[in-house]
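A.B. asks: Structure in structure tokens, see below.
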Amino acid sequence: MGGGPAKEHLLCILPYPIDDTIKHELHKRFPNIDVTYKQVSFTADTAVLRSELPAEIWHDVTILYTLFAFPEKLSDAPNLQLVQLSSAGSNQIQKHPIFTNSDITITTSSGIHGPQIAEWCVMTALVQSHKYNALHDLQKERKWGKSADKGDFHSVRDMVGRRLGVLGYGSIGRQVGRVAKALGMDVVAYTATPKDTPEKKKDAGFIVPGTGDADGSIPSAWYSGLDKESLHHFLRQDIDWLVVSVPLTEQTRHFLSTAEFKALSQDGKSPAFVQNIARGPIIDQPALIEALKDGTLAAAALDVTDPEPLPEDNELWGLPNVTITPHVSGVGSSYTERSFKLFETNLELREKGERLLNVVRRERGY
Amino acid sequence: MGGGPIEDHLLCVLPFAIPEDIQEKLRKKFPKIEFSFRETSYPKNHEDLLKQVPNELFNDKTILVTLSTLPPALSDAPHLELVQLFSAGSNHISTHPIYTDSDITITTSSGIHGPQIAEWVVMCALVQSHKYNKLYELQKESRWGKTGASDDYHNVRDMVGQRLGVLGYGSIGRQVARVGKAMGMDVIAFTATPKNTSEERKDAGFVIPGTGDPDGSIPSAWYSGLDKPSLHKFLAQDIDHLLISVPLTAETKHMLSTAEFDILAKSKAHISNIARGQIIDQDAMIAALKDGRLRSAALDVTDPEPLPKESELWTLDNVVVTPHISGVGQAYTDRAFQVLEANLERRERGEKLINVVQRKRGY
């Protein structure tokens, strides 16, 4: 490859420092890419972010690796060809001209969150089913809380033979499915569009080694369709534990409301456990609260709410069978490392002229 | 199935109501067995127990299904051939003459506890690694406790690539291994005696469908040997999570003490104990938890039980203590009777029973 290809200019703008080892690895594998690293504040406020960055910084950029920081106008970044988001979601860019007024390839970091978020899902499910909060309170009182008259714990039921429904069988959903299967559960999957061939069931994205469901063999049944009838058909499949792991789009806003909770719980006869690790607005929150209060739903665990932060006076905080965590399930020590591994994979694919991973399809919104 | 002689007299005496449908199922399936079911209330003392289960009841019995109720003397049960325990452990009867002075076959309900106890192990490990206690406290205050990139949660490390060491690769250990593997962990197994062939690595006991590790394929490496050097070799394998799932025997009492925690310090292990409190030298463990040699511990069993109020274990930040409930749950009874059913089938066919206690080794 004489003469060498045109120099790529990569700008990495992230709200946390990047390990030297990551920088070295990047430089080693891609010596033809000029890399600039900028650390900015952890905020989604694009105006604040731009104030921390010199205006000229965008001009030569061909590849942007970012979370919330974007050039104000397309003309500020005339050479921009690829935007790699460090998040799984792409909502934060969808009103930006890069999304609305250009063909610049946008890719996400979907695929790196599975292990950590699946652990959160399993943890909060077991915390509910094993009554961990009560055990924790007993421990704080130094009380060995057992007596001959059989405490509450005899009613604990393990997951063997129970059914996990994964609403959105993507990278995160597949990892929850993997662990659920190991727990002895049956898994049923839901996707927007039908996956009726083995090829379509595959996970063609980035998979953390030793995790996920690469060939889509875990679910015993697959369902699909964004229309209400299809959604209800899925929800009626005797699901004990529902994980919400769809992206937030126009079609999935308030996807789950009163009618859906009723369908899920067989009209209240079989109250289910609902978990949301995707986006708060996918659930009609007041409807959720009602369903929890009247027993239609057995319990809920939410790492995302509407809005965030969840206001102090919201009823969800104090409902007995509800777990709330402040959007932390995907945050962890491996995030940066995996995000960069995925990014490097995309840089390699780009070099080879092959299709990138996690390309956002503007028409479907994710 | 017509008349036919009664070949066995079975007495089932348990401290809870034995479901009617189970009683009926057994009677139908084994018409040559005469079944007597007795529910006892938790006895306040030995005399109370005798009142509930008079000695004569044992007189003609060939099979006894029990938790801890036994005929006081061997002579009370001259025809007894089989004792099926409703527990996984047998140490609670190990000083009774049936154990010490007879050859009566004793079988346990090992194999039914895996799913529930494995869930407890996973739950506690995740509660600690994801700092759930803090999140629970925040929720109690209705507080959305995030301040930005610099808070605690960025240090949360998931299980991918971490090593689970299963000290005692039995039924419970195998189910924890199964879940650990699904979470991306590497699993290494320890057994008392070597398991060098694939045959030896199989789980020959009762396996709940969809769980466990029936063919022993999950561990990437196997270790064995109750002597200290062998144990230490295993513990030195960079173990991030150590599960204690060995039975309590003379050899395993205080198996883990200062020397062992010193080895585990290299990997700052998290310890889960769901077996018996006395397997751990508890004071040594407390010291190791306080000075950081051990990262954290989750204990469903302690020494003694109940754990006295003054014990530091209650309040150490990196310790979860629960009152020996990890194995208690709805499915217990059903599954224990499934083991009984399996053994009655084998007895009928003259086959080897499952979960036979080997008195010499203590379990």
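The values are calculated or read from the model by the stated rules, or taken from the named source; none is laboratory data. Predicted model only: the values in this text are computed from it and were never measured. Cβ atoms come from the backbone with ideal geometry, glycine included; neighbour counts cover every protein chain shown. These area figures cover heavy atoms from the full protein model, side chains too; ligands, DNA and RNA do not enter into them. Shrake-Rupley method; radii C 1.70, N 1.55, O 1.52, S 1.80 Å.
A.B. asks: Which helices of chain B meet both criteria: a Cα extent of 15 Å or more along the helical axis and a mean Kyte-Doolittle score no lower than -0.5, with helices taken as whole DSSP H segments? Provide the component values of the computation, followed by the final result.
C.D. replies: Numbers: long enough: B:114-129 (22 Å, 0.92); B:171-182 (17 Å, -0.12); B:331-349 (27 Å, -1.11).
Qualifying helices: B:114-129, B:171-182.
A.B. asks: Between B:110, B:171, B:230, find the one with the highest GNM mean-square fluctuation for chain B; connect C-alpha pairs within less than 10 Å.
C.D. replies: In this elastic network of chain B, the residue with the biggest mean-square fluctuation among B:110, B:171, B:230 is B:230.
A.B. asks: Using R₀ = 35 Å, calculate the FRET efficiency as 1/(1 + (r/R₀)^6) where r is the Cβ-Cβ separation of residue A:104 and residue A:259; round to 0.05.
C.D. replies: On the way: r = 40 Å, r/R0 = 1.13.
E(calc), rounded to 0.05, equals 0.30.
A.B. asks: Rounded to two decimals, what is the ratio between the C-alpha radius of gyration of chain B and 2.2 N^0.38 Å? Mind dumping the intermediate values first?
C.D. replies: Details: Rg = 22.5 Å, N = 363, 2.2 N^0.38 = 20.7 Å.
Rounded to two decimals, the normalised Rg is 1.09.
A.B. asks: P(r) tail for region A:1-149, what percent of Cα pairs lie past 24 Å?
C.D. replies: Numbers: 5379 of 11026 pairs.
Taking all Cα-Cα pairs of region A:1-149, the fraction more than 24 Å apart is 49 percent.
A.B. asks: Assuming R0 = 25 Å, can you tell me the calculated FRET efficiency for the pair residue A:361 and residue A:73, based on Cβ-Cβ distance, to the nearest 0.05?
C.D. replies: Plugging the Cβ-Cβ distance into 1/(1 + (r/R0)^6) gives 0.55.
A.B. asks: Provide Rg over Rh for region B:207-363; use the alpha carbon set for both Rg and the Kirkwood Rh (inverse mean inverse pair distance). Display every interim value, and only then the final one.
C.D. replies: Details: Rg = 18.0 Å, Rh = 17.7 Å.
With Rh from the inverse mean 1/r over Cα pairs, Rg/Rh is 1.01.
A.B. asks: Could you pull out the trypsin sites (Lys or Arg not before Pro) across region B:15-56 that fall in loop regions by DSSP (anything but H, G, I, E, B) with no more than 16 other Cβ atoms inside 10 Å? Could you put the intermediate results ahead of the total?
C.D. replies: Numbers: sites: B:25, B:27, B:28, B:29, B:32, B:38, B:44, B:51; in loops: B:32, B:44.
Sparse-neighbourhood loop trypsin sites (Lys or Arg not before Pro): B:32, B:44.
A.B. asks: Sticking with this one: Enumerate lysine pairs in region A:105-202 that are 8 or more residues apart or on different chains, then count those whose Cα atoms are under 25 Å apart.
C.D. replies: Summing the qualifying lysine pairs gives 10.
A.B. asks: If you don't mind, there's one more thing I want to ask. So for region A:284-323, Kirkwood radius off the Cα pairs, Stokes-Einstein at 25 °C and 0.890 mPa s: how many µm² s⁻¹? Each step should come with its number before you reach the end.
C.D. replies: Working: Rh = 10.3 Å.
Here the translational diffusion coefficient equals 238 µm²/s.
A.B. asks: Extension gain residue A:269-residue A:91, at 0.36 nm per residue separation less the Cα-Cα distance, in nm? It would help to have the intermediate numbers written out before the result.
C.D. replies: Numbers: separation 178, 0.36 × 178 = 64.08 nm, distance 3.67 nm.
In short, 60.4 nm is gained.
A.B. asks: For region A:68-118, compute Rg over Rh where Rg is the Cα radius of gyration and Rh is the Kirkwood radius from the inverse mean 1/r over Cα pairs. Before the final figure, lay out each step's value.
C.D. replies: Values: Rg = 12.4 Å, Rh = 11.9 Å.
Computed over Cα atoms, the ratio is 1.04.
A.B. asks: How big is the B/A interface in buried accessible area, both sides summed, 1.4 Å probe, to the nearest 100 Å²? Don't jump to the answer; show the numbers that get you there.
C.D. replies: Working: alone 18110 and 18560 Å², together 30870 Å².
Counting both chains, the buried surface is close to 5800 Å².
A.B. asks: Excluding residues on the same chain fewer than 8 positions from residue A:38, give the lysines whose Cα lies under 25 Å from its Cα.
C.D. replies: A:7, A:23, A:28, A:73, A:95, A:341, B:146
A.B. asks: Still on this structure, please answer the following. Over the protein assembly as shown, how many percent of alpha carbon pairs lie in each 10 Å bin up to the one with the longest distance?
C.D. replies: Over the protein assembly as shown, the share of Cα pairs per 10 Å bin runs 3, 13, 22, 23, 19, 11, 5, 3, 1, 0 percent.
A.B. asks: Evaluate peptide A:173-184: per residue, the Cβ atoms of other protein chains within 10 Å of its Cβ; return the mean as an integer. Spell out each step's value before the answer.
C.D. replies: Working: counts 0, 0, 5, 0, 1, 5, 9, 2, 4, 15, 10, 12.
Per residue, the average neighbour count from other chains is 5.
A.B. asks: Follow-up question, since we're still on this one. In the neighborhood of residue B:215, defined by Cβ-to-Cβ distances under 15 Å, what is the net charge if each Lys or Arg adds +1 and each Asp or Glu adds -1?
C.D. replies: Values: positive: B:174, B:178, B:181, B:195, B:201, B:202; negative: B:199, B:200, B:203, B:213.
Summing Lys/Arg as +1 and Asp/Glu as -1 gives +2.
A.B. asks: If R₀ is 60 angstrom, what is the calculated FRET efficiency for the pair residue B:345 and residue A:134, using the beta carbon separation as r and rounding to 0.05? Working shown, then result.
C.D. replies: Details: r = 39 Å, r/R0 = 0.66.
The formula returns an efficiency of 0.90 here.
A.B. asks: Please build a GNM for chain B, connecting alpha carbons under 10 Å apart, and tell me which residue among B:251, B:310, B:81 fluctuates the most.
C.D. replies: Of B:251, B:310, B:81, the most mobile in the Gaussian network model is B:310.
A.B. asks: Between residue B:228 and residue A:230, what is the label-to-label distance in nm when each label sits 7 Å out along the Cα-to-Cβ direction?
C.D. replies: According to this spin-label approximation, the distance is 6.7 nm.
A.B. asks: Is the C-alpha gyration tensor of chain A telling us rounded, prolate or oblate? Criteria: a/c under 1.5 is rounded; beyond that, a/b larger than b/c is prolate, otherwise oblate.
C.D. replies: On the way: a/c = 1.97, a/b = 1.80, b/c = 1.10.
Taking the square roots of the gyration eigenvalues as a ≥ b ≥ c, chain A is prolate.
A.B. asks: Modelled label-to-label distance, residue A:18 and residue B:25, 7 Å Cα→beta-carbon offset: nm?
C.D. replies: 6.0 nm
A.B. asks: Next up: Distance between the C-alpha centers of region A:292-366 and region A:28-92? Whole Å please.
C.D. replies: If you average the Cα positions of each part, the centres end up 22 Å apart.
A.B. asks: Based only on Cα atoms, what Rg/Rh ratio does region B:170-295 have, Rh being taken as Kirkwood's radius? Don't skip to the end; give the middle numbers.
C.D. replies: Working: Rg = 14.4 Å, Rh = 15.1 Å.
Taking Rg over the Kirkwood Rh, I get 0.96.
A.B. asks: With label points built 7 Å along Cα→Cβ from the Cα atoms of residue B:268 and residue B:17, find their separation and express it in nm.
C.D. replies: 5.1 nm
A.B. asks: Report the Cα centroid-to-centroid distance between region A:187-260 and region A:94-146 in angstrom, as an integer.
C.D. replies: Spelled out, the Cα-based centre of one part sits 18 Å from the other.
A.B. asks: Report the residue, chosen from B:316, B:248, B:235, that carries the largest GNM mean-square fluctuation when chain B is represented by alpha-carbon nodes joined by springs under 10 Å.
C.D. replies: Checking each option, the largest mean-square fluctuation is seen for B:316.
A.B. asks: Which whole-number percent of Cα pairs in region A:79-184 have a distance greater than 17 Å? If you can, show how the numbers build up before the last one.
C.D. replies: Values: 3777 of 5565 pairs.
Above the 17 Å cut-off, region A:79-184 has 68 percent of its Cα pairs.
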